[in-house]
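Some notes on the structure that comes next.
The values are calculated or read from the model by the stated rules, or taken from the named source; none is laboratory data. What you are looking at is a predicted structure, and each value in this text was computed from that prediction instead of being measured. Here the Cβ is made from the backbone with ideal geometry for all residues, glycine too, and neighbour counts use every protein chain on show. The protein model used for the area step is the full one, side chains on, heavy atoms only, and it has no ligands, DNA or RNA in it. Shrake-Rupley method; radii C 1.70, N 1.55, O 1.52, S 1.80 Å.
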Amino acid sequence: MRNLFFFSILLAGVPARAYDSIRFLEPIRVEGMAKPVAAAASAARLYVVDEKRPALLVFDAAGVLLKAAGRKGSDKEGLSSPRGAAVGPDGKVYVADTGNHRIKVYSADGEPLWSFGTRGSERGMLKDPQSVAVAPDGRVYVADTGNDRVQVFTAEGILLFVLGFSGKEPGRFSEPVRVAVDAADNITVLDRGRIQQTGTPLELYERPANRFVAGFIGQMNFLPARIEEQSLCLGNVRLPLDPATVTQRGSGREVLVGIRPEHLELVPESGLPGTVELIEALGAETFLHLSTPLGPTPTPLVARGPGSTCKHLGERVYVAPCATKIHLFDPEDGRSLRLPG
């Protein structure tokens, strides 16, 4: 059986003019193609992922099939329901080997080189990854679909950081299936089809435009607070506030404070009180999940400490936020209250 297919190809990592030599004016006809689901291109090659066959198909600029790499299996040559592909700046091809819960790396000619990822939910592990993108600096972005997150790796598969968390709240994911980066190494955050912010990972981390973006990259606690005179009142903690922010919002107004776990410090007393409800001891660091009395109902709060942190379930602890690291958001529309500059 002969199958016809057309693709819209995402070209990333090299100048657009490099693709002038690839012109597919007619449908490509390939004997035995079963279910093409993704494509990626370099300056001289087109790569097509066939999910059902399964295989990575390598074409030259004229549309001639050069190689069909892969067969059903989980070994070095094997693939299982692959669904995504991307070409790195060095010409290597990255394939989302969805059914095997890993990313496979091929040479430009379609020879399997190595893979990274195993099934699981821990950081660095994957579950049903359906898309992969490679930034100009070689970082690999993976839509870790089954774990409701995007993970970022080095080209060799070493985890760099994780984007997003599972859930329906702002900034959280529910089975993300596509990820892409542009030639400037920017990330674009969308919510229900609307662009919320575009910037580098550091820009999104340090200056989120709204609550959605703040929860998308890294982890952030959101706490109710109130502006009183020149201070921000967060429970029993008072923090100095920029006079311009006071002028913008007005004294007596309610705000939403965003503070990341790494910007909370465990203190002997005089901080925000909390009761330890969950302890995540991860070796080099420990995450404490607390319940704090900041509103009519207990407010959840996560604090990060060193791996040597020794606390117990039910223990009462105190945390102090770093005043220079807090974010203020409008409690109604979630927009950032940070002033330009």
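Laid out as a table, the results:
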item	result
Cβ charges +1 (Lys, Arg) and -1 (Asp, Glu), total dipole of the range 298-341, debye	240
Accessible surface ranking that places the most exposed of 238, 53 first, with a 1.4 angstrom probe	238, 53
Accessible area of residue 137 in the full protein assembly, 1.4 Å probe (Å², nearest 10)	90
With all protein chains modelled, accessible area of residue 338 [1.4 Å, Å²]	110
Cα-based shape type of the range 195-341, given that a ≥ b ≥ c are square roots of the gyration tensor eigenvalues and the cut on a/c is 1.5	oblate
Protection-proxy order for peptides 216-229, 279-292, 90-103, each taking the mean of Cβ atoms within 10 Å per residue, highest first	90-103, 216-229, 279-292
Surrounding net charge for residue 132, when Lys and Arg each add one and Asp and Glu each subtract one, Cβ distance under 13 Å	+3
Heavy-atom accessible area order for 145, 198, largest first, 1.4 Å probe	198, 145
Relative contact order %, the range 31-116, counting alpha carbon pairs below 8 Å whose residues are six or more apart	21
